[in-house]
1. Which ones in region 29-43 are of a type in the set (Val, Ile, Thr), buried (at least 24 other Cβ atoms within 10 Å of the Cβ) and over 18 Å from residue 2 (Cα atoms)?
2. Please specify each residue of region 75-90 satisfying the condition of being closer than 14 Å to residue 54 by Cα and part of a loop (DSSP other than H, G, I, E, B).
3. Might you check whether a residue that is in a helix (DSSP H, G or I) and either at pLDDT below 95 or touching a helix residue (DSSP H, G or I) at 6+ places or on another chain (Cβ under 8 Å) (or both) occurs anywhere in region 1-18?
4. If the Cβ limit is 6 Å and pairs must be 6+ apart or interchain, which residue in region 122-146 that is closer than 12 Å to residue 83 by Cα pairs with which residue that is part of a loop (DSSP other than H, G, I, E, B)?
5. Yes or no: residue 115 within 23 Å of residue 230 (Cα to Cα) and either surrounded by 17 or more Cβ atoms within 10 Å (Cβ to Cβ) or of a type outside the set (Lys, Arg) (or both)?
6. Report whether or not residue 79 is of a type in the set (Gly, Ala, Ser), surrounded by fewer than 21 Cβ atoms within 10 Å (Cβ to Cβ), closer than 30 Å to residue 148 by Cβ and out of contact with any Leu (no Cβ under 7 Å at 6 or more places or on another chain).
7. Quick one: would you say residue 129 is closer than 16 Å to residue 34 by Cα, assigned to a helix (DSSP H, G or I) and basic (Lys, Arg)?
8. Please find, within region 202-248, the residue that is surrounded by the fewest Cβ atoms within 10 Å (Cβ to Cβ) out of those that are at pLDDT 95 or above and among the β-branched types (Val, Ile, Thr).
Amino acid sequence: MGKLNNQIAIVTGAGGGFGQGIAELYVKEGAKVVIADIRGDAAKSVADKLGASASAFTCDVSKSDSVNALVEHTIKTFGAPDIVVNNAGVTHLNKPLLDVTEAEFDRVYDINVKSIFFMTHAVIPHMRKKGKGVILNIGSTAGIRPRPGLTWYNGSKAAVNIISKSMAVELGPEKIRVNAICPVLGETGMFTQFMGLPDTPENRAKFLGSIPLGRFSMPSDVAAAALFLASPEAEFFTGVELPVDGGRTI
C-alpha cells in the first residue's frame, strides 16, 4: 500500500525538475497525477513514462482560463483533486535590481504568485465538497534568506511563503492543509539563471559555500518533502515553511 493510494493530485511545472520528481514519487506511492506544464511535449513525455496513473495537460498557470481548464481536465480524467502542488515557477536572470525590466517583473509575479491565486479559486470549491484537501506551494529559501541579484524573484517567493501560511490559517477549519516547501538552489533548468554566472566549478563553489551539507538540492529531496506533507502522516502539519536546503537558512 502506497502512502497516497486513491489520492488524486495536480502537479504544475511537472515536465521536468522538482515537479517531475514529485509527480514520479506520487505515482509510485499510489496517486493518480495530472502532469501540468506549459511545455506540452515535456508533460506528455513524463506522463507516458508513468503510465495509466498519469495524464498530461498543457497549462499556462499565469492564465485563469488555463488553470480552470486544468482542474476540469483532472475531474474528468481522475476525479476532483485531493492534492495540488503549485510548483511552476520562473526567475529573472541574476542581475542588479534596476536592470530587471517591468516585463520581467510581471512575468515572475504572474507565474510565481498570481498562479496560486488562480489555482486557489479553481480547486478550493472542490476540496470543500470533499471536506478536506492538501495544497503545497513551492516557495524558496530565497524568500527566507535572500541573495543579491535576485531581488524581485526573492520577493515573489517571500509572497508564496507568507500566502501559504495565511491560507493555512483561513482554510484550516475546513480541513484543508496548506504548506510551503522552500528548496535551496537546485540543478534544474533555471540553475544558470539563478547563478547569473557561467556554470563552472569555481562559480558553483561560490554558492555551495553557503550550504552546510555541501551540495545543491535535488528533485528527490523536494519530492520526499512533498510526499510527507501530502500523506496522512502529516495530518497535523499546516502553515509550515519547510526549508529543503542542506542548512542554507540556518
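The values are calculated or read from the model by the stated rules, or taken from the named source; none is laboratory data. From a predicted model like this one, the values you see are computed outputs, not experimental measurements. All Cβ positions, glycine included, derive from the backbone under ideal geometry; neighbour counts span all protein chains shown.
1. At the first step, the residues of region 29-43 found to be of a type in the set (Val, Ile, Thr) are 33-35, 38.
If we keep only those that are buried (at least 24 other Cβ atoms within 10 Å of the Cβ) as well, we get 33-35.
Answer for region 29-43, where residues must be of a type in the set (Val, Ile, Thr), buried (at least 24 other Cβ atoms within 10 Å of the Cβ) and over 18 Å from residue 2 (Cα atoms): just 35.
2. 78, 79, 81
3. Going residue by residue through region 1-18, those that are in a helix (DSSP H, G or I) are 17-18.
From what's left, either at pLDDT below 95 or touching a helix residue (DSSP H, G or I) at 6+ places or on another chain (Cβ under 8 Å) (or both): 17-18.
For region 1-18, residues in a helix (DSSP H, G or I) and either at pLDDT below 95 or touching a helix residue (DSSP H, G or I) at 6+ places or on another chain (Cβ under 8 Å) (or both): present.
4. Filtered contacts from region 122-146: 123/81; 126/80; 132/175.
5. On the way: within 23 Å of residue 230 (Cα to Cα): yes; either surrounded by 17 or more Cβ atoms within 10 Å (Cβ to Cβ) or of a type outside the set (Lys, Arg) (or both): yes.
Yes, satisfied.
6. Details: of a type in the set (Gly, Ala, Ser): yes; surrounded by fewer than 21 Cβ atoms within 10 Å (Cβ to Cβ): yes; closer than 30 Å to residue 148 by Cβ: no; out of contact with any Leu (no Cβ under 7 Å at 6 or more places or on another chain): yes.
Spelling it out, it is not the case that residue 79 is of a type in the set (Gly, Ala, Ser), surrounded by fewer than 21 Cβ atoms within 10 Å (Cβ to Cβ), closer than 30 Å to residue 148 by Cβ and out of contact with any Leu (no Cβ under 7 Å at 6 or more places or on another chain).
7. Values: closer than 16 Å to residue 34 by Cα: no; assigned to a helix (DSSP H, G or I): yes; basic (Lys, Arg): yes.
So residue 129 fails the test.
8. 240
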